[in-house]
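Just below is one structure, and these are the notes that go with it.
The values are calculated or read from the model by the stated rules, or taken from the named source; none is laboratory data. On a predicted model such as this, the values are computed, not experimentally measured, just so you know. So basically every Cβ, Gly included, is an ideal-geometry build from the backbone, and we count neighbours across all protein chains shown.
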Amino acid sequence: MIELINLSKTYASKNGDVEALKDINITVEDGDIFGIIGLSGAGKSTLVRCINLLERPTAGSVVIDGENLVGMPKKRLLEIRRKIGMIFQGFNLLEQRTAAENIRFPLELAGVKKADAAVRVSELLELVGLSDKAKAYPCELSGGQKQRIAIARALATQPKYLLCDEATSALDPNTTASILELLKEINQKLGVTVVIITHEMKVIESVCTKVAVLDHSRVAEIGNVTEVFADPQSSIAKELIIPDLIRTVQSASGGKKLRLIFRGELSDRPIISALALDLGVSVNILFADTKSIAGKTHGHMVIALNEDEVDKVTEYLSEKHILFKEEI
């Protein structure tokens with residue numbers, strides 16, 4: 001388990017101190033695929049680099065499996081870091097080494113015997129689907145292939161945790177989808193806990209089980225992905241998750257507006273047609289959107305009603321256990 005407790009990070013600059021992180025409290029349970037999302041400058045990359053102390057926090061604790069990395073002796077910190085793999089947006093492969101040699105590099109640093117390292121490299125090349133690229137150099141690989149080799153290298157020492165810092169930002173949508181499927185496979189088959197830093201909502205909704213939304217260096221919202229995406233509470237989460245809905249509502253005029261929230265089990269019910277037939281009301285649909293999260297369909301719908309019909313509609317929705325918000 002990863003525990004970030006009252007974590008803060010301040011940088012000194014010519015124009016004064018810059019607070020990159022302010023009092024962060026996040027717990028990543030074993031087995032999670034945990035997403036951290038926010039706009040540029042929110043502190044995402046600083047946060048993930050504090051987890052393995054590539055960046056040393058100014059205050060607070062980073063606790064990995066019960067041990068606080070802050071203030072830990074260097075020798076023990078190096079041992080703990082072997083449990084934490086990391087991949088980056090820019091792949092960071094060694095250009096003068098082949099794919100197999102890149103994967104073997106951390107094993108060399110760890111003093112693993114050549115024969116054992118060769119077996120491990122072969123296993124990892126097969127895991128990421130690139131057994132035929134063992135002798136290829138980075139310049140001969142596509143972006144997706146480079147990231148697969150980077151993932152294999154990060155897994156070389158059999159880490160318990162894998163940190164992904166904008167790992168799909170440089171990839172096209174199809175390649176991104178394949179890399180996310182690989183990360184999901186690694187999580188499920190190897191039991192590796194994955195932390196994903198991203199600014200892309202589709203990355204979070206595709207593979208993550210939990211999410212923390214950062215805003216101006218603080219955690220604005222945190223919870224299960226299905227819950228946060230179904231009903232975001234903070235203004236930044238709404239901006240990131242339902243921006244089109246917000247714009248539609250702000251530009252629409254006339255009538256009372258309700259936002260209906262569909263969570264998996266309700267998304268296939270003909271709510272609007274039933275509402276119109278049962279109550280005989282006129283319903284104007286201003287916005288509707290659905291997406292699949294964790295294998296279930298979730299979505300939002302904004303409807304406009306006549307003012308004199310609002311009470312009976314809201315009563316009807318409550319009786320049908322349909323979640324709605326009267327204010328957007």
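Let's see how each residue does on (1) assigned by TED's automatic domain parsing to the domain that holds LYS135; (2) part of a helix (DSSP H, G or I); (3) within 22 Å of the chain's Cα centre (by Cα); (4) of a type outside the set (A, V, I, L, M):
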residue: ILE36; (1), (2), (3), (4): yes, no, yes, no
residue: LEU39; (1), (2), (3), (4): yes, no, yes, no
residue: ALA42; (1), (2), (3), (4): yes, no, yes, no
residue: SER45; (1), (2), (3), (4): yes, yes, yes, yes
residue: LEU54; (1), (2), (3), (4): yes, no, yes, no
residue: GLU79; (1), (2), (3), (4): yes, yes, no, yes
residue: LEU94; (1), (2), (3), (4): yes, no, no, no
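Please verify whether VAL128 is over 30 Å from ALA12 (Cα atoms) and either loosely packed, with under 15 Cβ neighbours inside 10 Å or in contact with an Asp or Glu (Cβ under 9 Å, 6 or more places away or on another chain) (or both), treating the condition exactly as stated. When the stated conditions are applied, VAL128 does not pass them. Of all residues in the range 160-181, those satisfying the criterion of being part of a helix (DSSP H, G or I) and farther than 16 Å from GLN89 by Cβ are ASN174, ALA177, SER178, GLU181. Only residues that are within 17 Å of GLU205 (Cβ to Cβ) and buried (at least 23 other Cβ atoms within 10 Å of the Cβ) were counted across the range 149-178, and they come to 3.
ALA220 satisfies every condition listed in (1) farther than 30 Å from GLU315 by Cα; (2) surrounded by fewer than 17 Cβ atoms within 10 Å (Cβ to Cβ) except (2).
State whether the residues of the range 61-74 include one that is within 24 Å of ARG120 (Cβ to Cβ), within 22 Å of the chain's Cα centre (by Cα) and surrounded by 19 or more Cβ atoms within 10 Å (Cβ to Cβ). Yes, the range 61-74 contains at least one residue that is within 24 Å of ARG120 (Cβ to Cβ), within 22 Å of the chain's Cα centre (by Cα) and surrounded by 19 or more Cβ atoms within 10 Å (Cβ to Cβ). Out of all the residues in the range 41-51, is one or more in contact (Cβ under 8 Å) with a residue 24 or more places away in the chain and in contact with a helix residue (DSSP H, G or I) (Cβ under 7 Å, 6 or more places away or on another chain)? So far as the range 41-51 goes, no, none of its residues is in contact (Cβ under 8 Å) with a residue 24 or more places away in the chain and in contact with a helix residue (DSSP H, G or I) (Cβ under 7 Å, 6 or more places away or on another chain). Reported count of residues in the range 145-180, each being closer than 16 Å to LEU127 by Cα and in contact (Cβ under 8 Å) with a residue 12 or more places away in the chain, is 18. If you go through the range 83-109 and keep only what is touching a helix residue (DSSP H, G or I) at 6+ places or on another chain (Cβ under 8 Å) and of a type in the set (Lys, Arg), you end up with ARG97, ARG104. Within the range 234-253, if we keep just the residues that are touching a strand residue (DSSP E or B) at 6+ places or on another chain (Cβ under 6 Å) and polar (S, T, N, Q), the residue that is modelled with the lowest pLDDT turns out to be THR248. Taking the stated definitions as given, is GLU140 exposed (fewer than 14 other Cβ atoms within 10 Å of the Cβ), over 22 Å from the mean Cα position of the chain (by Cα) and under 30 Å from SER206 (Cβ atoms)? The answer is yes for GLU140.
Looking across the range 18-57, just one residue is modelled with pLDDT under 95, of a type in the set (Val, Ile, Thr) and farther than 24 Å from LEU183 by Cα, and that is VAL18.
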